[in-house]
Amino acid sequence: MAQLIGGLGTSHIPAIGNAIHKGLQQEPYWKPFFDGFPPVQQWLNAKKPDVMVIFYNDHGLNFFLDKMPTFAVGAAPQYVNSDEGWGIPSLEPLRGEVDLSWHLINELIAKEFDVVTCQEMLVDHACSLPLKLFYPEGNYPVTVVPVCINTVQFPLPSAKRCYALGKAVGEAIRSWDSSKKVAVLASGGLSHQLDGERAGFINKAFDLQFLDSLDTNPEWATQFSVHELVEKTGTQGVELLMWLAMRGALATGGGSSVKRVTSNYHIPISNTATAVLALETA
Ligand code: DHB
Ligand code: FE
């Protein structure tokens, strides 16, 4: 059976892509953010996952307001980046892991997560940027399965539901008939609000408590309703639902405890409180 080796989390912001493109990683504004990544890169280099299941939110590219699935799973041989243009000008397509896609889809639907299946799927910075941050040399050595969670148009799925989705994904990965190594990845958050009266809102105390909870008390944030999470983290900070799904996936299997490999928290980049995290399964 496939091995679920750990989970990663990172913020996504188009401006990060622009900084990579212009080589600004050592500039004072960017350094504290990019400095969080070498330990993750080293961990990936040592553990060498073959596949990444990416929990991310689309931002109106593949799904617009007229058709908005709550949960969607990619089942495409490749995923072309077609972002809004503020980030890296051209990104290589991500290679799909179609066999795992269909295994996930079958297992999720059997467990009553009625996901939308996407045999064609454009992806944006939320799906593409994390790989660029984790594999800065390019030529990603991983294939991917994107799992999209709606954080754009209400009603959004609850924190409890996202954690349960993550658990079902984790169980499915561990029951995949393959000798491959799989990591799960969360893209989004932490606290941020891009528009409205609270534009620029950041909640460091909540972010740090949330990050702490992921070590040993991962269900902590499931006590909050989506509206409470928006109040605490901002309208876009609710992207932290991805991190809950990622952690839910790790909470499966015999010894479901995790070891924190590394983490970094830095505010702000653009309007966002940024974090990066790597967790290893026991
Ligand atoms: C920003 C943050 C996001 O999550 C996003 O998707 C786009 C932009 C920002 O802070 O600029
Ligand atoms: Fe976003």
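The values are calculated or read from the model by the stated rules, or taken from the named source; none is laboratory data. Keep in mind the model is a prediction, meaning the values are calculated, not measured. We place every Cβ from the backbone using ideal geometry, glycine too, and count neighbours over all the protein chains shown. Only protein heavy atoms, including side chains, enter the accessible area calculation; ligands, DNA and RNA are left aside. Shrake-Rupley method; radii C 1.70, N 1.55, O 1.52, S 1.80 Å.
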For the stretch 66-124 and the stretch 132-153, distance of Cα centres in Å = 10 Å
For q = 0.08, 0.14 Å⁻¹, Debye-computed log10 I/I(0) when each Cα of the stretch 3-281 counts as one equal scatterer | -0.27, -0.93
Under a GNM of the chain (C-alpha, springs under 10 Å), which listed residue has the highest mean-square fluctuation: A126, A168, A205?
-> A205
Using just the alpha carbons, could you tell me how many Å³ per residue the convex hull of the stretch 59-101 encloses?
-> 82 Å³
Per residue, in Å², the accessible surface of the chain once ligands and nucleic acids are set aside, probe 1.4 Å = 41 Å²
Other-chain or far-sequence residues with amide H under 5 Å of V116's (modelled H) = F71, A72, V73
How far is the Cα center of the stretch 2-52 from the Cα center of the stretch 195-222, in Å?
-> 20 Å
As straight-line cross-link partners of K232, the qualifying lysines (C-alpha separation under 22 Å, not fewer than 8 residues apart within one chain) are K160, K204
Along the charge dipole of the chain, Cβ charges K/R +1 and D/E -1, which of N264, L65, V147 sits furthest on the positive end?
-> N264
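Taking the stretch 73-141, how much of its Cα-Cα pair set, in percent, is spaced more than 16 angstrom apart? If you can, show how the numbers build up before the last one.
Working: 1240 of 2346 pairs.
Tail of the P(r) past 16 Å holds 53 percent of the pairs.
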Name the shape class, rounded, prolate or oblate, that the alpha-carbon gyration tensor gives for the stretch 41-160, where a ≥ b ≥ c are the square roots of its eigenvalues, rounded holds for a/c under 1.5, and otherwise prolate holds if a/b is larger than b/c and oblate otherwise.
-> oblate
Under 5 Å, built H, 5+ apart or other chain: amide partners of V144 | M52, R95, G96, E97
Is it possible to state the helix-based mean residue ellipticity at 222 nm for the chain, with each DSSP H run of 4+ residues giving -39500 (n - 2.57), the sum divided by total residues, to the nearest 500 deg cm²/dmol? What is it?
-> -10000 deg cm²/dmol
Whenever you get a sec, compute what percent of the accessible area on the stretch 1-145 sits on carbon and sulfur atoms (1.4 Å probe).
-> 52 percent
Protection-proxy order for peptides 97-110, 19-32, each taking the mean of Cβ atoms within 10 Å per residue, highest first = 97-110, 19-32
Compute the distance in nm between two label points, each set 7 Å from the Cα along the Cα-to-Cβ direction, one at W220 and one at V98.
-> 4.3 nm
Evaluate the relative contact order of the chain (contact order divided by residue number), counting alpha-carbon pairs under 8 angstrom at least 6 apart; express in whole percent.
-> 31 percent
List the lysines whose alpha-carbon lies under 25 Å from that of K22, not counting same-chain residues fewer than 8 positions away?
-> K31, K132
